[in-house]
1. Under the condition of being among the aliphatic types (A, V, I, L, M) and in a loop (DSSP other than H, G, I, E, B), which residue from the range 1-59 is nearest to Gly70 (Cα to Cα)?
2. Do you know which of the residues in the range 58-78 that are of a type outside the set (Ser, Thr, Tyr), out of contact with any strand residue (DSSP E or B) (no Cβ under 8 Å at 6 or more places or on another chain) and surrounded by fewer than 20 Cβ atoms within 10 Å (Cβ to Cβ) is farthest from Phe30 (Cα to Cα)?
3. Out of Val107, Val112, I need the residue that is open to solvent by less than 10 Å² (accessible area, probe 1.4 Å) and out of contact with any Leu (no Cβ under 6 Å at 6 or more places or on another chain). Which one?
4. Identify, from the list Glu138, Glu157, Glu128, the residue that is outside any loop (DSSP other than H, G, I, E, B), farther than 25 Å from Thr44 by Cα and at pLDDT below 95.
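The values are calculated or read from the model by the stated rules, or taken from the named source; none is laboratory data. Bear in mind that the values here come from a model prediction, so they are computed numbers and not experimental data. Methodologically, a virtual Cβ is constructed for each residue, glycine included, from the backbone with ideal geometry; neighbour enumeration extends over all protein chains shown. Ligands, DNA and RNA are stripped out before the accessible areas are found, and what is left, the full protein with its side chains, is counted by its heavy atoms. Shrake-Rupley method; radii C 1.70, N 1.55, O 1.52, S 1.80 Å.
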Amino acid sequence: MNKNIILIGFMGTGKSSLGRRLARRLGYKFVDTDSAIEEITGKTVEQIFRKDGEIRFRSEEKLLVRKLSGQSGLVVATGGGMVLEQENVDLLKQNGVLICLRAEPEVILKRVKNKKRRPLLSRGDLLENIIKLTKERESAYEIADFSVDTSGLTFDEVLNQIRKFLQQEGYIK
């Protein structure tokens, strides 16, 4: 049984883009939790936050994590706040190796500034919000088995670091 590879970290660090490529390279199935929740609910993440609130969104995340934790051979790109809930972390760790993708706030800003679907960044100064949220979530991301800063690296460089870690730890050949 292949352990799932769970990509955690703040928005704009490359979880979805890198996750798709990693899944292809390993022959795993790719799951983006935000996209899966949108598919299940028929609403965008932004709509859920706006109409139903963050609590509803987090409960959808929990339901999805329960479902995914029973599967294997997945690369999962989580929403940035997924690991704020201990129950989610426990379930993800049961059959998964957690890899945290990090990036400098200024790099995150460049990556997300033109994306309208970031409800937690929709008010106020974007860079200030990014700095504040990354500081608040820093300790939550420390639960990762491996961490890589994607700021100055190409996709291939990040994927090679992840692959090297997974091979060294015996998760893949």
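1. Filtering first and then ranking leaves Met1.
2. Applying the filter and picking the extreme gives Arg58.
3. Answer to the check: Val112.
4. The match here is Glu138.
Conditions tested, residue by residue: (1) at pLDDT 95 or above; (2) out of contact with any Asp or Glu (no Cβ under 9 Å at 6 or more places or on another chain); (3) open to solvent by 30 Å² or more (accessible area, probe 1.4 Å).
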| residue | (1), (2), (3) |
| --- | --- |
| Asn2 | no, yes, yes |
| Ile8 | yes, yes, no |
| Met11 | no, yes, no |
| Arg24 | yes, yes, yes |
| Phe30 | yes, yes, yes |
| Ile37 | yes, no, no |
